[in-house]
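The values are calculated or read from the model by the stated rules, or taken from the named source; none is laboratory data. Just so it is clear, the structure is predicted and the values come from calculations on it, not from any experiment. Here the Cβ positions follow ideal geometry from the backbone for every residue, glycine too, while neighbour counts run over all protein chains shown.
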């Protein structure tokens, strides 16, 4: 066989060769629209590579990117990687000390930053000891006043350079990029990605039993491009030759709904909150037509069944739940329906559509108990989910101790997710190891309680955390945001949950608040909630529900 290396230059070159006039569209921060083609983008990617040469960046150097989703960020997905450097996709939503840690951990030599995010970088510049140059993602006349130095406008960096570049021969096992975990349990951990991993991940995303991304699609990457490679969508859509639409700062429900309608978007991906808010907007603005949507991928947390039903019944836009991690590039499972499930009634199919899903082609999964044995595939027995794949990282950057703990001797990643698996091979993630509530020796899934709470018509948002209990060590505390004008009481929610769960699963207390804090990736911030509600529940003289 030919020893062809699986590198990212071949992904963009395929798009340019076969779909040179296919569009890349960005809704810019000022509300205007930028349009160009894969051919145009490739010429600028080549100019960017020459610009990196001009900056003196050597083979293997990392460049940090602090930016929203737009065409210049897309160019940075390829320019550094194809020229034997590496892109570090920086999470600008992290607290300052975590942001500084990620830049220093990656040893970024250059920071590319959106004009609107310059202040974020300025505020921390004195601590960014490895950074030698700043590039603001704008033209010379748009360059804001800044204390960053030395600084250059992105368009000036590209100007005058050739629109062709002789890409170096790169080993497919070289790093092309890095993301960091969100740092909810400590300092964010660096996850390096190889060319081979993303090449294969992109092929998998086009598989009929995965995301089915094809050249006929119009892809809208809503998930931030700093988060796990934008869930791989920009690379997969490029490999397929699909039109892409980037929202930049416009991720509010009104803007997204109109982008979907105006650009004929067929596939998109985001956390459940995005699609919930857009559904609320569409309820109030039924004239906005999103009927062109073919499928929506949801990740980050499980969508409530009520949301899946709503998009089915009102918009004919199927929601497909996905599971993955920064460490898995990220796609691991999808709630696609195998033949045996398609034969079931629509009502029975919802049970599978609300699961984490079926392993995508190329992903090996297993669920392991405390003794290191696989649990029965009965859909009930819980254990830790472990995964292995060509696009799962095999180490954390500069974290030898975590590497010893996170990986098994036979090459599986210990995910820290608590899961069950059924006889058909479907995986349902019932909690994170740190979030599962261990009460009197039994496990209670916070995720399952949350999903049922959110299904209540008077609940806008809900989450469940474990709090200390005098007798049972831990018990569930429900934290709920009621819908506007709702008259909601704890007894209402207890009655609602009691229709589904045994008494000993039911929360011992309910807290009603205005808004649930979110992490930088849009998930409920349970660490902050545990700190906020740091209480000890007392045991009454006689417990009504014995465990």
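Numbers below:
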quantity	calculated
Strands (runs of 3 or more DSSP E) wholly inside segment 15-106 containing at least 1 residues that are closer than 23 Å to residue 228 by Cα	23-27, 62-66, 86-89
Residue 377 modelled with pLDDT of 95 or more and assigned to a loop (DSSP other than H, G, I, E, B)	yes
Sole residue being surrounded by fewer than 18 Cβ atoms within 10 Å (Cβ to Cβ) and closer than 26 Å to residue 500 by Cα, chosen from 334, 344	344
Counted residues, segment 170-207 - those being over 17 Å from residue 397 (Cβ atoms) and modelled with pLDDT of 95 or more	13
Subset of segment 513-531 [over 21 Å from the mean Cα position of the chain (by Cα) and at pLDDT 90 or above]	513, 514, 515
Residue match in segment 504-512 (condition: part of a loop (DSSP other than H, G, I, E, B), buried (at least 19 other Cβ atoms within 10 Å of the Cβ) and at pLDDT below 90)	no
Matching residues, segment 382-398, being surrounded by 14 or more Cβ atoms within 10 Å (Cβ to Cβ), at pLDDT 95 or above and assigned to a loop (DSSP other than H, G, I, E, B)	389, 390, 391, 392, 393, 394, 395, 396
Every residue from segment 405-452 that is crowded, with 19+ Cβ neighbours inside 10 Å, at pLDDT 90 or above and in a loop (DSSP other than H, G, I, E, B)	412, 426
Segment 455-464, subset surrounded by fewer than 22 Cβ atoms within 10 Å (Cβ to Cβ) and within 16 Å of residue 516 (Cα to Cα), residue nearest to the chain's Cα centre (by Cα)	461
Helices (runs of 4 or more DSSP H) contained entirely in segment 270-366, each with at least 3 residues that are more than 23 Å from residue 416 (Cβ to Cβ), in contact with a strand residue (DSSP E or B) (Cβ under 8 Å, 6 or more places away or on another chain) and in contact (Cβ under 8 Å) with a residue 60 or more places away in the chain	none
Single residue of segment 126-159 satisfying the filter (within 19 Å of residue 103 (Cα to Cα) and crowded, with 18+ Cβ neighbours inside 10 Å) that is nearest to the chain's Cα centre (by Cα)	137
Matching residues, segment 349-372, being loosely packed, with under 11 Cβ neighbours inside 10 Å and on the phi < 0 side of the Ramachandran plot	370, 371
Meets criteria (surrounded by fewer than 23 Cβ atoms within 10 Å (Cβ to Cβ), in a helix (DSSP H, G or I), touching a residue at least 12 places away in the same chain (Cβ under 8 Å) and touching a helix residue (DSSP H, G or I) at 6+ places or on another chain (Cβ under 8 Å)) for residue 261	no
Evaluation of residue 471 against (1) within 27 Å of residue 491 (Cα to Cα); (2) at pLDDT 95 or above (one fails), failing number	(2)
Test set (1) closer than 17 Å to residue 244 by Cα; (2) touching a strand residue (DSSP E or B) at 6+ places or on another chain (Cβ under 6 Å); (3) free of Cβ contacts under 8 Å to residues at least 60 places away in the same chain - residue 70 fails condition number	(3)
Residue match in segment 19-37 (condition: crowded, with 18+ Cβ neighbours inside 10 Å and under 24 Å from residue 170 (Cα atoms))	no
In segment 206-218, residue farthest from residue 108 (Cα to Cα) [restricted to those that are within 19 Å of the chain's Cα centre (by Cα) and surrounded by fewer than 23 Cβ atoms within 10 Å (Cβ to Cβ)]	212
Flag if residue 112 is closer than 23 Å to residue 248 by Cα and either part of a helix (DSSP H, G or I) or free of Cβ contacts under 8 Å to residues at least 40 places away in the same chain (or both)	no
Test: residue in segment 144-156 that is part of a loop (DSSP other than H, G, I, E, B) and either touching a residue at least 40 places away in the same chain (Cβ under 8 Å) or under 19 Å from residue 75 (Cα atoms) (or both)	no
